[in-house]
Structure formats: structure tokens, C-alpha cells
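Beneath this line is the structure, given in C-alpha cells, with notes to follow.
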Amino acid sequence: GSHTYSTPGYHQANVTVTDGESQSSATVGVEVAYAPPSGLTAAFDNLCIGDEGVLAADCDAKSWAYSRAALVAGGVTQGQPQQVPGTALRFTVPVIPAGRPDNATGNGATVVLDLPQDAKSISFIGAGTQGNQSTTGTATFSDGSTASVPIQFSDWTLGGNANGTPSYGNIIVARTAYRLQGTSRDGAQPFLFATAPYQIPAGKTLVSVTLPTQTGDPRSAGRIHVFAVANDGTPAPALATVAGKDQTASAGQALAANLGTVTGGVPGTTGYRARVQWGDGTVPQDVTIGASGAMSGTHTYAREGTYTVRVTAWDTLSSSTGSFTVTVARGGSQPAIALSASGTVSTGGAITVEGSGFAAGEQVTVSVGTDPGRTTKVAASATGKVRASVPTSGDAEPGRYAVTATGASSRTPATATVQVTERAQARTYRPRVALLTTSGPRGTSIMVDGSGFAPNETVTITFGDGLAVSTVRANGDGVISGATVSVAGAAKAGATSVTLNGATSATKVSR
């Protein structure tokens, strides 16, 4: 896969592979180097350097290429400053990841040079393919004026004559023993050249060079290939990042880290920039850089462990990375929880959980036992506190259950115990009544027995439509024994009802 990173530094990429039924993931580290957005590397559009048996390259559109190992043996190592023989010109062929474009052809790109102030001449490092290549670029100066600048390269194999003489005053900077064809070796011996020095006009400051636009089929017309630009100015000290010493921290507590120092290079008008990857999977952060180049940053690790911290600093031309380790001990303030209602809840009820000591803002999962199987997720506050209401299962057996709160990042569980009791059920009352006296003349006392009332509740006995009313109290077992109500003299002859109404149970029974 491919991805474009917007900032230099150490990045982590997650890779997931699936076969449709299962999947597996892995995390890989990616070190991203800085390159000027308008410098030479931004103009690279061609791949000329390969590795035999591993990586094919195609420098001339016919599958021939330089060998990386042969270039090193022949005098040029990517990333290493080198001298153009017999001159004060110095150059560095940049380090480019294998398989990525490593040179610029005649593609019309404008290349910002950012030369030392005392530079008086430049030279292009490269070669021509499909024969000698003689063309012209455009030099632009700080005052806005322009001038033509010759870009002339000999054929990279000198026409197949390893003992031939370069054209255009080219200087050999690398002589390789073989060439690649695909991933195999070829008998030809390609060279890398420096063009004849271009003298910067007196009083001018060279800002950029625009490459020519070459047309035609590269397999026949050929192309120039520019790998670097040499100059004779006083080189700035190499950019260097010296990482801080190994440090210690406590989980959950902010670490004010000494990230090291950055020196050398070409800081430019805005100074250096730097980013730090703390090693715990969090997003890289910008670094504070002091006037002396001292770098610092603050970070809070959520959990204990040993982490590799990588700091990348960059100037206007390149970047540099250093690393150290931070050993994080278990924090003094560990997660803890407390339960409301003295830790007791009825089956199906909710228990309120309050906790502290969690990492700021982390997601905390609170669960009640394994049988109730209920969980709630809440976010910790900025001070590491949580509050959650967690329901118990309606069919949970009474007993004691563990309440556990676990932070997503701190991962240290806090526990407490809750007592789950059986839910109190509302009692159902079913009063019954028996009449000991079932008939008689007006004024007769009717005797009543009853049961199934609420303990000690008041029961009203009513004869007919209010012809006689009496109030009695049930005993502790909800029983009424031998209660009487006298039939009024005005009662009509015939059948009528006796009704008992419980005041507490709110139940009514008639006979």
C-alpha cells in the first residue's frame, strides 16, 4: 500500500489481514524523513537505482539501472557528503527509500537550491541515457533576474566504452563495475558525473534552477538524470539531534521530559521544528525548542511499562532523529470505587458507583458480577473521577457480587462488593367471610367471622345499603372473630348483603 505523510518523524501504521473468516493485525513503525517541498527530491520522477535479486529499477526506459551496491563500491553512498574530485564542490546524493524515484529527468520542475551565502559555483550530479545529453536550464536569482545554465551529461556508459573520455568537461564522481538488467547483472559499466561548474554571476544570489522540458520517447531520445546539486559554499554543520537520557515516570502523572537538543543544519528564518512520538500509541506532538536548541515536552502515560521515545527535528533541508526510553512505574494513585446505599441493592435494581484514580478522559467499563452480566461505560473526568449507575439483572439470584471498574488505558481494575437481595413482593390479600347468623327479625344482631385481611387493619362491616354499620379491628393474623352488627328496625323483609371493607389491604368482600 501507499500513504503520504504530512510531517516527518516516527509514525505507526496498523496492518490488518483477513481471509473472510478471521483476521490478524500488526503494527509497524515508519520513520518519515523531511525533504523540502520545493527542493530537488520533490522533482524526482525516475527510478535509477536498484538492488540485484531484490529490486528492479528502470533508468533508461529499457530496464537497465544502477546497482546500489556497485555505486557504493564505486565512490558514491547515498546520504554521505562527498567531494567532486579536483574541485571545491561538495554534494550529497539523498537517501531515498528503495523503490521510490531517486532522480529528476528533464521534466521542467523548478528546484529551490538554498545555497550557502558564499557559494560561487554549482554543478549537477548525474548522467545521460541513450547517448550524451546537452540541454539548458534556467537560473533564477534573488533579484528576480534569470539566466540560462547549461546541463550537459555524458552517456552513463560512455557509449559502452568503460575507458572512454567524458564529454562537456564532465568529472567522474563514481565508476561502477556493472549495471543491472531487471534484478540481474549486466556487463556494462555505468558512471555518475559532475557537470562542468557553473559560475554564479558576481553580485548575484542564485535561488533556483528550472530544469528543461525534454520530449520524445525516452527509449530513443534519452533524458538527463539529476541525482544531486553540488556547490562550493562553506557547508553548514550537519543537522544533529541528540536525544535526552533515559527517564522515569509514574502512570497517571505528567512527565516534563528533556527530549534532547538539536544543532547544526540550516534552521532558516523560522528556526527548527521537531515532533515527538511518545511510544505509547498516542498521536505525535510538536516539541518546544529553546533558543539553544534544547527540546522539551510534557506527556502523561496511562499505564506502567517501558516506552521508546523518538524525537525528530528538521531544518530547511533535512531531518534527524534520536531516541531514548522512559520507564513508567505504577502510579501512586490507583483506581478505586465506592458503592452507594451501603453496597446493597434489590434484584433488578441499580447500584451507583463512584470512582477515582483513573486516567484523565479514559473510557471506564463498570460491570456487576458475572451472573447479572450488566455493564455500563462512562468517561473519566479530567481529574480521573467516574460516576455510573449500573443495573443488576432482574433474574439474578440473591447473594454477593463483584463490581469491577476497568479503564481502557490504565487497565488496572478497581473492585467492590454489592449485596443483591430478593426484591420485596407486594402481599396479596384474599379476605373470606362467614355469617354465623343468617336470618332473624328486625333488630337481630348478625354475627360475622372473617380472615385474610391485613394484620391489625380496621375493617368496616356494612349491612345492606347502610342500614347498619360497625367497625372492628382484625388481629395480628388478619382474622375477625364473632363481630356483630345489629339490623336496623327499618330494614325491609327479605334477603340482603353484608360487606366487609379492609382499610389497609383495600380489599372488599360481601356475603
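The values are calculated or read from the model by the stated rules, or taken from the named source; none is laboratory data. In this text the structure is predicted, and so the values were computed from the model without any measurement. Cβ coordinates were reconstructed from backbone atoms using ideal geometry, including for glycine residues, and neighbour counts include every protein chain displayed.
List, please: which pairs have Cβ atoms under 8 Å, are six or more places apart or on different chains, and start with a residue in segment 439-450 that is over 16 Å from residue 482 (Cα atoms) and end with one that is aromatic (Phe, Trp, Tyr) and modelled with pLDDT of 75 or more?
Pairs that qualify, where the first residue is over 16 Å from residue 482 (Cα atoms) and the partner is aromatic (Phe, Trp, Tyr) and modelled with pLDDT of 75 or more: there are none.
Checking residue 11 against (1) assigned to a loop (DSSP other than H, G, I, E, B); (2) surrounded by 14 or more Cβ atoms within 10 Å (Cβ to Cβ); (3) at pLDDT below 90, only one condition comes out false. Which one?
(1)
Quick check on residue 433: is it over 46 Å from the mean Cα position of the chain (by Cα) and at pLDDT 85 or above?
Details: over 46 Å from the mean Cα position of the chain (by Cα): yes; at pLDDT 85 or above: no.
Spelling it out, it is not the case that residue 433 is over 46 Å from the mean Cα position of the chain (by Cα) and at pLDDT 85 or above.
Which ones in segment 310-328 are closer than 29 Å to residue 42 by Cα and among the hydrophobic types (A, V, I, L, M, F, W, C)? Talk me through it step by step, then tell me what you get.
Step one: of segment 310-328, the residues closer than 29 Å to residue 42 by Cα are 310-323.
Across segment 310-328, the qualifying residues are 311, 313, 314, 317.
Hey, could you check segment 44-61 for residues that are over 35 Å from the mean Cα position of the chain (by Cα) and surrounded by fewer than 21 Cβ atoms within 10 Å (Cβ to Cβ) and say which is nearest to residue 220 (Cα to Cα)?
61
Might you let me know whether segment 169-186 holds any residue that is of a type in the set (Lys, Arg) and at pLDDT below 95? Give the steps one after another, and end with the answer.
Narrowing segment 169-186 to residues of a type in the set (Lys, Arg): 175, 179, 185.
Imposing the further condition that a residue be at pLDDT below 95 reduces the set to 185.
Checked against the condition, which is being of a type in the set (Lys, Arg) and at pLDDT below 95, segment 169-186 yields at least one hit.
From 291, 243, which residue is among the small types (Gly, Ala, Ser), more than 30 Å from residue 136 (Cβ to Cβ) and surrounded by fewer than 17 Cβ atoms within 10 Å (Cβ to Cβ)? Reasoning before the result, please.
On the way: 243 fails: surrounded by fewer than 17 Cβ atoms within 10 Å (Cβ to Cβ).
After applying the criteria, what remains is 291.
Mind listing whichever residues of segment 433-453 are touching a Pro at 6+ places or on another chain (Cβ under 9 Å) and assigned to a strand (DSSP E or B)?
The initial filter retains those residues of segment 433-453 that are touching a Pro at 6+ places or on another chain (Cβ under 9 Å), namely 450-453.
Selection gives 450, 451.
Determine which single condition residue 69 fails, assuming it passes every other condition in (1) part of a loop (DSSP other than H, G, I, E, B); (2) out of contact with any Phe, Trp or Tyr (no Cβ under 8 Å at 6 or more places or on another chain); (3) of a type in the set (Gly, Ala, Ser).
All conditions are met except number (1).
Can you name every residue in segment 373-396 that is in contact (Cβ under 8 Å) with a residue 40 or more places away in the chain, part of a loop (DSSP other than H, G, I, E, B) and over 26 Å from the mean Cα position of the chain (by Cα)?
If the condition is that a residue be in contact (Cβ under 8 Å) with a residue 40 or more places away in the chain, part of a loop (DSSP other than H, G, I, E, B) and over 26 Å from the mean Cα position of the chain (by Cα), then 392, 393, 394, 395, 396 are the ones that fit.
Yes or no: residue 145 surrounded by fewer than 14 Cβ atoms within 10 Å (Cβ to Cβ) and either in contact (Cβ under 8 Å) with a residue 40 or more places away in the chain or within 24 Å of residue 37 (Cα to Cα) (or both)?
So residue 145 passes the test.
Which condition number does residue 98 fail, the rest of (1) farther than 25 Å from residue 205 by Cα; (2) over 42 Å from the mean Cα position of the chain (by Cα); (3) part of a loop (DSSP other than H, G, I, E, B) being met?
Unmet condition: (2).
Results for (1) part of a loop (DSSP other than H, G, I, E, B); (2) surrounded by 15 or more Cβ atoms within 10 Å (Cβ to Cβ); (3) out of contact with any strand residue (DSSP E or B) (no Cβ under 7 Å at 6 or more places or on another chain); (4) modelled with pLDDT of 80 or more, shown as yes or no for each residue.
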site: 466; (1), (2), (3), (4): yes, no, yes, no
site: 472; (1), (2), (3), (4): no, yes, no, yes
site: 478; (1), (2), (3), (4): yes, yes, no, yes
site: 481; (1), (2), (3), (4): no, no, no, yes
site: 493; (1), (2), (3), (4): yes, no, yes, no
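Identify, please: which residue in segment 350-370 is among the polar types (S, T, N, Q) and more than 27 Å from residue 255 (Cα to Cα) and is, among those, surrounded by the fewest Cβ atoms within 10 Å (Cβ to Cβ)? Break it down stepwise before answering.
Taking segment 350-370 as the starting set, the residues that turn out to be among the polar types (S, T, N, Q) are 352, 356, 363, 365, 367, 370.
Next, only the ones that are more than 27 Å from residue 255 (Cα to Cα) stay: 352, 367, 370.
Working: 352: 13, 367: 20, 370: 9.
The qualifying residue surrounded by the fewest Cβ atoms within 10 Å (Cβ to Cβ) is 370.
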